[in-house]
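Below is one structure, written out as structure tokens, with a few remarks after it.
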Amino acid sequence: MITEDTLHELNKSYKEASPSEIIKKALELHEKAVVTTNFRPYEAAILHAVKQEASSIPVVWCDTGYNTPQTYRHAEQVIKDLDLNVFLYVPKQTTAHRDVVLGIPSVDAPEHALFTEQVKLEPFRRAMEEHKPKVWFTNLRQGQTAFRDSIGIFSVSKDGVLKVSPFYYWSDADLDAYLQDHNLPNEFKYFDPTKALANRECGLHA
């Protein structure tokens with residue numbers, strides 16, 4: 001387990017560093033890494049940046065089964081263009097089955113916790129148990145949620161994995177420029193069935 005002092009020093013030392021420098025440092029700390037994605041807006045940036053430093057890194061995609069057609073087409077394009085090493089994890093129950101017996105509960109409904117467990121948390125746990133990473137690259141950014149404002153570039157997950165957010169301090173405009181510079185696609189028609197609001201935490205990180 002990485003100490004709080006080490007986390008503090010890493011966040012201080014790499015606050016102004018480029019994403020590539022941050023990724024290289026994380027891989028120096030431990031090579032057993034994964035990058036997670038849901039192919040929401042700007043995900044192509046983190047996938048491209050990590051791929052440059054670790055060409056065969058496992059890309060964990062936990063698909064809730066409720067993505068938009070645009071997101072699925074975007075995912076297929078990014079996977080092909082970047083030649084990603086994708087490992088797909090889906091809920092154990094089909095979307096069609098769940099639509100009949102549960103539907104998509106509102107965030108205030110008592111069934112919402114079960115829904116989130118089925119479509120997001122269980123597939124994610126299964127992925128992490130199979131890959132057992134020591135480093136987890138993600139595209140969390142400051143300003144997305146109150147929790148994410150508090151973590152910094154380097155943080156530790158509930159399971160003790162070093163979580164690294166190379167674009168933590170980047171704005172949408174910064175990422176727009178990155179995507180343009182590297183000829184990467186983007187897609188904004190994205191739907192997360194577990195979140196009522198854009199600034200609500202999804203459950204994997206808090």
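If you take the square roots of the eigenvalues of the alpha-carbon gyration tensor of the range 91-140 and sort them as a ≥ b ≥ c, do you get rounded (a/c under 1.5), prolate (a/b over b/c) or oblate? Before the final figure, lay out the partial values.
Values: a/c = 3.10, a/b = 1.91, b/c = 1.62.
Verdict is prolate for the range 91-140.
If the chain between Glu111 and Arg126 were fully stretched, how many nm would it gain, using 0.36 nm times the residue separation less the Cα-Cα distance? If you can, show how the numbers build up before the last one.
Numbers: separation 15, 0.36 × 15 = 5.40 nm, distance 2.16 nm.
Contour length minus the Cα-Cα distance gives 3.2 nm.
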Computed label-point distance, nm, for sites Thr68 and Asp99 using a 7 Å Cα→Cβ extension
1.8
Stretched fully, the stretch from Ser13 through Gln77 gains (0.36 nm per residue minus C-alpha distance, one decimal, in nm) 19.5 nm
Rounding to the nearest 20 debye, state how big the charge dipole of the range 18-136 is about its Cα centre with +1 on each Lys and Arg Cβ and -1 on each Asp and Glu Cβ.
180
Ordering 64-73, 95-104, 157-166 by per-residue average of other C-beta atoms within 10 angstrom, highest first, gives 157-166, 64-73, 95-104
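Based on Cβ point charges of +1 for Lys and Arg and -1 for Asp and Glu, what charge dipole magnitude is obtained for the chain about its Cα centre, in debye rounded to the nearest 20?
Once rounded to the nearest 20, the dipole reads 300 debye.
Per residue, how much accessible surface does the chain expose to a 1.4 Å probe? Answer in Å², no decimals.
In whole numbers, the chain has 51 Å² accessible per residue.
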Mean shadow area (nm²) of the C-alpha convex hull around the range 87-191 is 8.7
Compute the Rg/Rh shape ratio of the chain: radius of gyration over Kirkwood radius, all on alpha-carbon atoms.
0.95
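Given C-alpha coordinates of the range 1-109, what is the ratio Rg to Rh with the Kirkwood estimate of Rh?
Details: Rg = 17.6 Å, Rh = 16.4 Å.
Rounded to two decimals, Rg over Rh is 1.07.
The values are calculated or read from the model by the stated rules, or taken from the named source; none is laboratory data. Note that the coordinates shown come from a computational prediction; the quantities given were computed from them, not determined experimentally. Every residue, glycine among them, receives a Cβ derived from its backbone with ideal geometry; neighbour counts consider all protein chains shown. Heavy atoms of the whole protein, side chains included, go into the accessibility calculation; ligands, DNA and RNA do not. Shrake-Rupley method; radii C 1.70, N 1.55, O 1.52, S 1.80 Å.
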